[in-house]
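Student: For reference, the structure I am asking about is given below.
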Amino acid sequence: MKKIAISVGDLNGIGIQLILENHTKIKRVVEPIYCIDNTMLKQASELLNIPIPDDFKIVNKISKPFTIEAGEVTKPSGVYSFASFLKAVEMAKMQEVDGVMTLPINKKAWELAGVKYKGHTDALRDFFFADAIMMLGVPEMFVALYTEHIPLKEVASKINEEDLTRFLIDFYNSVKPDSTVAVLGLNPHAGDDGVLGDEEKIITKAINRATEIIKEEAFDIHHPLFTPPLVPDVAFTPNVRKNYQYFIAMYHDQGLAPLKALYFDEGINISLNLPMVRTSVDHGTAFDIAYKGIELNNLSYLNAINYFNTT
């Protein structure tokens with residue numbers, strides 16, 4: 001059974017409730033080690049009125065304890081959630097665990113804590129000196145993001161042949177798909193031959209170059225590796241979507257709006273192109289329902305844990 005380090009996310013949110021409520025289920029799939037100290041665990045347990053399981057393995061000395069403020073964005077919660085994440089990554093680097101699963105953090109709390117990263121994925125790039133790729137979804141449909149948490153006005157300038165070629169190669173080598181990967185265009189109608197924008201020309205060049213490089217190293221691939229840039233508003237319609245398992249979106253909402261419309265409760269977040277496996281839930285801290293005794297949907301959490309047994 002694989003050992004998995006679980007970072008607890010923002011303790012002002014719902015992550016710790018998911019952990020306590022689902023421990024009995026996930027321990028049948030993996031051996032979880034929770035990156036939380038006894039003081040914070042007891043505080044959360046009492047606030048939630050959920051007992052701590054007897055076989056609950058924790059890692060002490062995470063960070064300075066603080067007072068949980070349910071549903072609030074605070075600096076101490078940001079400090080603690082980042083420290084919990086760092087501990088999980090450290091355990092993976094030391095090969096004490098087989099992978100890392102992360103519960104949701106609050107980006108503003110990280111900012112208040114002085115953390116320079118916008119989220120887990122860009123932090124992992126620095127920690128492993130690797131171009132980590134964010135992919136979200138379910139087995140029926142995974143969406144990888146070429147650009148992630150940047151303003152929409154900056155997306156077009158990020159599309160260049162060199163970077164996109166490298167992204168496509170890294171993505172393909174990470175997932176080893178058995179079928180063609182769907183690549184979305186950037187503009188409405190995929191640019192309409194340059195009438196509505198010419199970024200698709202760059203995307204096409206990157207697709208062609210990436211295909212050449214991949215096929216130089218793998219002679220047994222006989223299907224097209226990538227589609228030409230697809231019209232974004234058609235790519236996720238049923239008749240088109242059924243033909244593909246993997247999609248590459250040029251920006252965050254282009255790929256995640258349709259994904260969450262279809263699979264909001266069960267999707268997961270996976271970091272590709274790293275020397276370890278990292279998964280996460282595909283939802284946020286849900287501050288509006290934290291510590292209110294509301295029953296949580298646990299599908300995303302359980303799917304993120306189950307993923308470790310598919311790799």
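Student: Give me the pairs: first residue in the stretch 22-44 and without any contact (Cβ under 8 Å) to a residue 60 or more places away in the chain, second residue among the hydroxyl-bearing types (Ser, Thr, Tyr) and assigned to a strand (DSSP E or B), beta-carbon distance under 6 Å, and six or more apart or on different chains, which are they?
Tutor: Here the result reads Cys35/Ser7, each pair linking the stretch 22-44 to a residue that is among the hydroxyl-bearing types (Ser, Thr, Tyr) and assigned to a strand (DSSP E or B).
Student: Can you confirm whether Asp131 is open to solvent by 30 Å² or more (accessible area, probe 1.4 Å), without any contact (Cβ under 8 Å) to a residue 40 or more places away in the chain and out of contact with any Ser or Thr (no Cβ under 7 Å at 6 or more places or on another chain)?
Tutor: no
Student: Residues in the stretch 92-122 that are surrounded by fewer than 20 Cβ atoms within 10 Å (Cβ to Cβ) and either of a type in the set (Ser, Thr, Tyr) or in a helix (DSSP H, G or I) (or both): how many?
Tutor: Here the count works out to 7.
Student: Based on what the data block shows, is Asp198 more than 19 Å from Leu145 (Cα to Cα), open to solvent by 60 Å² or more (accessible area, probe 1.4 Å) and acidic (Asp, Glu)? Lay out the reasoning, then the answer.
Tutor: Details: more than 19 Å from Leu145 (Cα to Cα): yes; open to solvent by 60 Å² or more (accessible area, probe 1.4 Å): yes; acidic (Asp, Glu): yes.
Yes.
Student: For the stretch 23-41: of the residues being open to solvent by less than 20 Å² (accessible area, probe 1.4 Å) and outside any helix (DSSP H, G or I), which is farthest from Ile52 (Cα to Cα)?
Tutor: Among those residues, the one meeting the criterion is Val30.
Student: If I ask for residues that are among the small types (Gly, Ala, Ser) and open to solvent by less than 30 Å² (accessible area, probe 1.4 Å), which ones from the stretch 221-260 would you list?
Tutor: Result: Ala235, Ala249, Gly255.
Student: Please go through the stretch 110-135 and pick out each residue that is aliphatic (A, V, I, L, M) and under 14 Å from Ser174 (Cβ atoms).
Tutor: Residues satisfying the conditions are Leu124, Ala130, Ala132, Ile133, Met134, Met135.
Student: A further question follows. In this structure, does Asn49 turn out to be in contact (Cβ under 8 Å) with a residue 24 or more places away in the chain, under 27 Å from Val115 (Cβ atoms) and either of a type in the set (S, T, N, Q) or surrounded by fewer than 16 Cβ atoms within 10 Å (Cβ to Cβ) (or both)?
Tutor: So Asn49 fails the test.
Student: Here is a follow-up. Being over 30 Å from Val100 (Cα atoms), modelled with pLDDT of 95 or more and among the polar types (S, T, N, Q): is that true of Asn208 here?
Tutor: Details: over 30 Å from Val100 (Cα atoms): yes; modelled with pLDDT of 95 or more: yes; among the polar types (S, T, N, Q): yes.
Yes: the conditions hold for Asn208.
The values are calculated or read from the model by the stated rules, or taken from the named source; none is laboratory data. Everything quoted here is computed from the prediction, not taken from an experiment. Quick reminder, even Gly has a Cβ in these numbers, built from the backbone with ideal geometry, and neighbours come from all protein chains shown. In case anyone asks, the SASA skips ligands and DNA or RNA and just uses the protein heavy atoms, side chains included. Shrake-Rupley method; radii C 1.70, N 1.55, O 1.52, S 1.80 Å.
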